[in-house]
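Participant: I'd like to ask some things about the structure below.
FYI, it's all coordinate maths here, none of it is from the lab. As the structure is a prediction and not an experimental result, all values here were calculated from the model. For neighbour counting, all protein chains shown are included, and Cβ atoms are generated from backbone atoms with ideal geometry for every residue, glycine included.
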Amino acid sequence: MLCYSRFWISIGALTLAACQTTKTSAPPSPTKVPCWLHNPVSSQQIGFIGTAAPFSAIKDGSIIASRQRAVSQYTQYYGLPSAHEAVKTLPATQNSFTLKNGQVLYFSEPYTTSDTLYTYVSTRPALNSNQCEAITCNFNLCEPKWLCSGENNHVIGASYYTASAYQQLPMTATNAKALAGYLAQASVNMQERYVESFSEQQHASQFSRQGEVISSDYQHPLLLTQSCHYGSTLFSAYQTNLPLNKQITQQTWRDIQQYQGRSVVMGNFGEDGTIAPDNLISSAIKYAIRDALVEIAKSKGVTVSASSTLLNQNGSYYLSDAQFDIQQTVSGQLLDLQINYKEGFPVVYVWLLEVN
């Protein structure tokens, strides 16, 4: 059930500006990580990342566990039989493994941070000596470009710190799959009400929305292609198999309302101070996408009922009451994502392209 209200009253604002002198120092050296950590998929190869806690009571337990999780992603993505037990018996010093179908997989040397051990698996050897700068998300500059390009058929999963740090990356996949269910097909059953009143003393308006947006059950495998960090939050781009009507080219999505005859709509969450019940950025993104799906549904058709009242008691008074009933099944493609923070809480904007 989705239910919230907004209330606007015009007020004056006083802005104060201040200056301060700060002492600058040389910026710290950028952190270097294996290139596959933020870009497991490239034009040369497709790979998968497995994670584990960096310490284990079992000899080489962390390496084995991360390899099992990486290979499990590979077999699930390609629809192959599980190789979980076979990887378990593989010596940690052996960096290759042959599946039952004859395909040889290669393991990277583990990359370890203070709280997570990462292993990369691919059909080609991957060297940790290939180092790249750790990638930071910059939503204002749309960097990396996949955050707002809309060129690829992808969905973005986000995760803040998890109870076990090594689960942060897998959690982005879980959250991305939930969003993919909304984008693939969502049933919108919503009522919006707009009440506006005028008098000699004031003008007031109130908007409320009540109803639900139900997602489909997305069961297809996702492919992690890229990732970046925004503070303590990890954002990951996952390629989906959602249908695209036409190939799209990069646009400034925030400035247009239509593309190739299809609606481009914005959804937001948190702009009016609303906070997600669990205060998670992944939930805020979900609610913003649901808001955008409602806008797509409205563009396809609504039922409107309205009434107005005019009274003349000690001065004129006018009241307008309009109700919009929305019942549509819609799909969308994620084009752009913008995240700001207001008083410590996330404000999320998304732009979706209507999928016919």
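Participant: Within a 10 angstrom radius of the beta carbon, how do 195, 347 rank from fewest other beta carbons to most?
Facilitator: 195, 347
Participant: While we're on this one: Name the residue farthest towards the positive end of the dipole of the chain from the options 95, 324, 169, assuming +1 on Cβ of Lys and Arg, -1 on Cβ of Asp and Glu, about the Cα centre.
Facilitator: Farthest along the dipole direction, towards plus: 95.
Participant: May I ask you to derive the FRET efficiency for residue 323 and residue 356 from their Cβ-Cβ distance with R0 = 45 Å, giving the value to the nearest 0.05?
Facilitator: After rounding to 0.05, the efficiency reads 0.95.
Participant: Still on this model: Could you grab the relative contact order for the stretch 41-130? Cα pairs under 8 Å, six or more apart, rounded to a whole percent.
Facilitator: Details: 157 pairs, mean separation 30.1, N = 90.
It rounds to 33 percent for the stretch 41-130.
Participant: Need one word for the stretch 41-130: rounded, prolate or oblate. Basis is the Cα gyration tensor (sqrt eigenvalues a ≥ b ≥ c); a/c below 1.5 gives rounded, then a/b vs b/c decides.
Facilitator: It comes out oblate by the Cα gyration axes.
Participant: Right, here's the next one. So for the chain, averaging the separation of alpha carbon pairs under 8 Å that are six or more residues apart and normalising by length, what relative contact order in percent results?
Facilitator: Values: 740 pairs, mean separation 65.6, N = 356.
Across the chain, relative contact order equals 18 percent.
Participant: I've got another one for you. Which of the peptides 279-290, 127-138, 217-228 is most tightly packed, and how do the rest follow, judged by the mean count of other Cβ atoms within 10 Å per residue?
Facilitator: Working: 279-290: 22.0, 127-138: 13.7, 217-228: 17.7.
Top to bottom by mean Cβ count within 10 Å: 279-290, 217-228, 127-138.
Participant: Would the stretch 42-82 count as rounded, prolate or oblate if I go by the C-alpha gyration tensor, calling it rounded below 1.5 in a/c and otherwise prolate when a/b exceeds b/c, oblate otherwise?
Facilitator: Taking the square roots of the gyration eigenvalues as a ≥ b ≥ c, the stretch 42-82 is oblate.
Participant: While we're looking at this one, here's another question. Going by a ≥ b ≥ c, the root eigenvalues of the Cα gyration tensor, does the stretch 291-356 fall in the rounded group (a/c under 1.5), the prolate group (a/b larger than b/c) or the oblate group?
Facilitator: oblate
Participant: Could you please rank 325, 255, placing first whichever residue has the fewest other Cβ atoms within 10 Å of its Cβ?
Facilitator: Ascending number of Cβ neighbours within 10 Å: 255, 325.
Participant: Hey, can you grab everything whose amide H is under 5 Å from the amide H of residue 135? Only 5+ residues off in sequence or another chain; H modelled, so Pro and N-termini drop out.
Facilitator: Residues meeting the criterion, in which the H sits 1.01 Å from N, are 229.
Participant: Consider the candidate values (i) 21.5; (ii) 20.3; (iii) 24.0; state which one is mean projected area of the Cα convex hull in nm² computed from the structure displayed.
Facilitator: The value matching this structure is (iii).
Participant: For residue 162 and residue 86, FRET efficiency with R0 = 41 Å and r from the beta-carbon atoms, rounded to 0.05?
Facilitator: On the way: r = 28 Å, r/R0 = 0.69.
That pair, residue 86 with residue 162, gives E of 0.90.
Participant: A further question follows. Run the reach check for residue 286 against aspartates and glutamates, Cα to Cα strictly under 19 Å, same-chain hits fewer than 8 apart removed. What comes back?
Facilitator: 212, 217, 271, 272, 278, 295, 336, 354
Participant: Now, a different point. Picking from 81, 71, 54, whose Cα lies most toward the positive end of the charge dipole for the stretch 41-130 (charges on Cβ: Lys, Arg +1; Asp, Glu -1)?
Facilitator: 81
Participant: Right, something else. What value, in deg cm²/dmol to 500, does the helix sum -39500 (n - 2.57) over DSSP H runs of n ≥ 4 give at 222 nm once divided by the residues of the chain?
Facilitator: Mean residue ellipticity, 222 nm, calculated: -5500 deg cm²/dmol.
Participant: With a point put 7 Å past each Cα toward its Cβ, work out how far residue 44 is from residue 272 in nm, to one decimal.
Facilitator: Each label point is offset 7 Å from its Cα along the Cβ direction, giving 5.2 nm.
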